[in-house]
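To keep things clear, I will list the structure first and then write my remarks on it.
Just so it is clear, none of the values below were taken in a lab; they were calculated from the coordinates. What you see is a predicted model, and the numbers here were worked out from it, not measured in a lab. Backbone-built Cβ (ideal geometry, glycine too); neighbour counts: all protein chains shown.
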Amino acid sequence: MTLLQAGMALRPPPGLRLASVSALLLAGLMLFGPWLAPYDPTEVALDLKLMGPSLAHPLGTDHLGRDVLSRLMAGAQVSLGAVAAILALVLTLGVGIGSLAGMAGGRTDAAIMRVCDAFLTIPTFILALFFVGVLGTGPANVVTAVVLSHWAWYARMARALVAGLKRQDYVLAARVAGTGRLMTVVRHILPAVLAQMAILASLDIGHMMLHVSGLSFLGLGVTPPDPEWGVMINDARAVLWTQPVLVLWPGLMIMLTVMTFNRLGDGLRDALDPALQAGGKAP
Amino acid sequence: MRRLIAVRLLLLGPMLLAVSLAVFTVLRLGRGDPALDYLRISGIPPSDAALLEARRLLGLDRPLPEQYWSWLADAARLDFGRSYVTGRPVLDEILHHLPATLQLAGVSLLVTLAFSVPLGLWAALRRDRWPDRVARGLAFVGVSVPNFWLGFLLVLLFSVTLGWLPAMGRGGWQHMVMPVLAVSLMSLCINTRLVRAAALEVLNQRHVLYARLRGLPEHRVLTRHVLRNALVPVVTATGMHLGELLGGTMVVESIFGWPGIGRLAVSAIHNRDYPVLQGFILLMTVVFVLCNLAVDIAGAWIDPRQRRLAMGGRREFLP
């Protein structure tokens, strides 16, 4: 309750409040979507195919008679879950490797950064496409491919932040006072790095969402019976001329997700940046 | 300027070497046996003898460094091997598909710049009034639209409902309209925001005030003193989301049956056609690096300060 009151006292702009609510709803869908769905999202009923909206099926049914609303809700788990997994992995990998380079300096730093450069040379989506080609299709491989194509951006930023922070007086003081290397990083450097990474990450969620759904749309991610938003758009293309409304819903969900997290990222940046500029800049 | 180009072209060599080594390693460490895929695609039953024969044919029985070396030596002569599927040289396949992609991406880039610069500038000049609000609103919504979904919406509107534009294929300008819109919307929105922010910053500077005080006509102030300065960050940013634009074409091609490199890559992925995949990633690297070089040249041309920076900065890259 106090957290909520504190949040309200900040008086965030209405757009930001709306985005927060929407993010909570999306998170709820991601966690409980398949259980909240009124029908089995993969249940085929050919006698019910391509029905318009009705009380039983609020958004109608698709070309195999599956309930569109149920598929949207269950698909949220796959689409958003994939993004959540990518985010966690990219942050761990990026911050881990970046901090290592920033703390180590010298040859280790140079070697890691050259590897990063090689990854940064190629556009992320094209790199992800290549990795899917190497690893094979499937949801887990799409996640891995997007992680492999994004981590270097995070590593480079984390490295720059850590390299700046490690010369700060308060960090040097901790070192002089006898704090071990690892402890210094964990206690004194990472908190400042993570705030900055959170901004980058929240602005990048939309990107990841578009990459995951794009790869799925190309038929490289989730395999057909399972629901996923990008796959649903691909399914709907076959009936684009007869039942155009089917292509609408999954696209709107993707768009809503991207808008939500872009707005949150903007808000986060506005809220966190002044503090970071005062405390986090390299001398 | 000439030195900038020469140095960057020289750097392309080691960069490609690094990427090729990484690509080779990843493909060899990756799952599966290429010989098996080769047999499957060729329709030969995978007996032990056939596998051995395929491995010998593809050079997979030799030690890894030797394989890399011979592959590199071939690649240096622009021989990237043959596609498992069509049996044609990979380079031919890629060069056959590349023009369509470059056309789509190039026109999209032009459209992006042609619309985002005036729109951003207009928004900045009418700050907080309706043009600014509209531009900002559009930019916020536009960056969130998945390009493949936008493609379908356009097909619904222009092909299904109005019947004005062909839904598939590559031909005259009518075929270009929808793919270009689908590819460029996101870059256009990002760019509009950037131009607006950059123009606002420049508008507040003293040299603009001074230019106005000197009694220069407003259009002169805008083109000479505001736009040129505002374009500097925009050019830099263009280099960055050029990659997004190229990536976007990969998806959009599949919607409109655009016979570009994205379709080639997707079918190579489905068929596990490794030689094509290898050639694809290497050539995209070259294309992207060259595009970035062009962007840097444009930046140096607009902003004389960058010319000196680019010259002084070169030592950082060379050992």
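Laid out as a table, the results:
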| read-out | value |
| --- | --- |
| Mean Kyte hydropathy of 1.0 or more with a Cα span along the axis of at least 18 Å, helices from DSSP in chain A | A:14-36, A:68-104, A:190-217 |
| Farthest positive-ward along the stretch B:162-319 dipole, Cα basis, beta-carbon charges - from B:166, B:254, B:298 | B:298 |
| Prolate/oblate/rounded label for the stretch A:66-195 (Cα gyration tensor, a/c 1.5) | oblate |
| Of the DSSP H helices in chain B, those whose Cα atoms cover at least 30 Å axially and whose Kyte score averages 0.5 or more | B:2-29, B:90-125, B:173-203, B:228-256, B:274-302 |
| Using alpha carbons only: equivalent-ellipsoid semi-axes of chain A, gyration tensor based, whole Å | 42, 23, 14 |
| Ellipsoid semi-axes in whole angstrom, largest first, where each is sqrt(5λ) of the Cα gyration tensor of the stretch A:63-106 | 41, 7, 4 |
| Calculated SAXS-style log₁₀ I(q)/I(0) at q = 0.19 Å⁻¹ - the stretch B:126-233, Debye, Cα scatterers | -0.95 |
| Computed over the stretch A:131-212, Kirkwood Rh from alpha-carbon pairs, angstrom | 14.8 Å |
| Simple Cβ-charge dipole of chain A, Lys/Arg +1 and Asp/Glu -1, about Cα centre, in debye nearest 20 | 1220 debye |
| Over the protein assembly as shown - Rg/Rh using Cα atoms and the Kirkwood inverse-distance radius | 0.97 |
| Max mean-square fluctuation residue, GNM over chain B, Cα-Cα springs under 10 Å, options B:106, B:172, B:299 | B:172 |
| Point-charge dipole on Cβ atoms (K/R +1, D/E -1) for the protein assembly as shown, about Cα centre, debye to 20 | 2700 debye |
| Extension gain from residue B:47 to residue B:302, taking 0.36 nm per residue of separation minus the Cα-Cα distance | 85.5 nm |
| Residues whose placed amide H lies under 5 Å from that of residue B:82, excluding near-sequence neighbours | B:90 |
| Descending semi-axes in whole angstrom, ellipsoid equivalent of the stretch B:47-148, from the Cα gyration tensor | 53, 15, 13 |
| Fluctuation leader among A:211, A:63, A:150 - chain A, Gaussian network, Cα springs under 10 angstrom | A:63 |
| Theoretical ellipticity at 222 nm over chain B - DSSP helices of four or more residues, -39500 (n - 2.57) apiece, nearest 500 | -25500 deg cm²/dmol |
| Overall form of the stretch B:167-220 per C-alpha gyration tensor (a/c, 1.5; a/b vs b/c) | oblate |
| The stretch A:153-277: radius of gyration over Cα atoms, expressed as a fraction of 2.2 N^0.38 Å | 1.56 |
| Shape call, the stretch B:253-301: gyration tensor on alpha carbons, a/c limit 1.5 | oblate |
| Translational diffusion of chain B, µm² s⁻¹ [Kirkwood Rh, Cα pairs; Stokes-Einstein; 10 °C; 1.306 mPa s] | 70 µm²/s |
| The stretch B:106-234 - percent relative contact order, Cα under 8 Å, separation 6 or more | 33 percent |
| Kirkwood Rh, angstrom, the stretch B:1-105 [1 / mean 1/r, Cα pairs] | 16.2 Å |
| Dipole in debye (nearest 20) - the stretch B:1-53, about Cα centre, beta carbon charges: Lys, Arg +1; Asp, Glu -1 | 640 debye |
| Fraction of the pair-distance distribution of the stretch B:212-268 above 19 Å, Cα-Cα pairs, percent | 56 percent |
| Chain B: relative contact order in percent, alpha carbon pairs under 8 Å with at least 6 residues between | 25 percent |
| Positive-end extreme of charge dipole, the stretch B:1-101 - chosen from B:4, B:81, B:38 (charges on Cβ) | B:4 |
| Kirkwood estimate for the stretch A:72-138, i.e. one over the average of 1/r between Cα atoms, Å | 14.2 Å |
| Gaussian network model of chain A, springs between alpha carbon atoms under 10 Å - residue of A:70, A:216, A:54 with greatest fluctuation | A:54 |
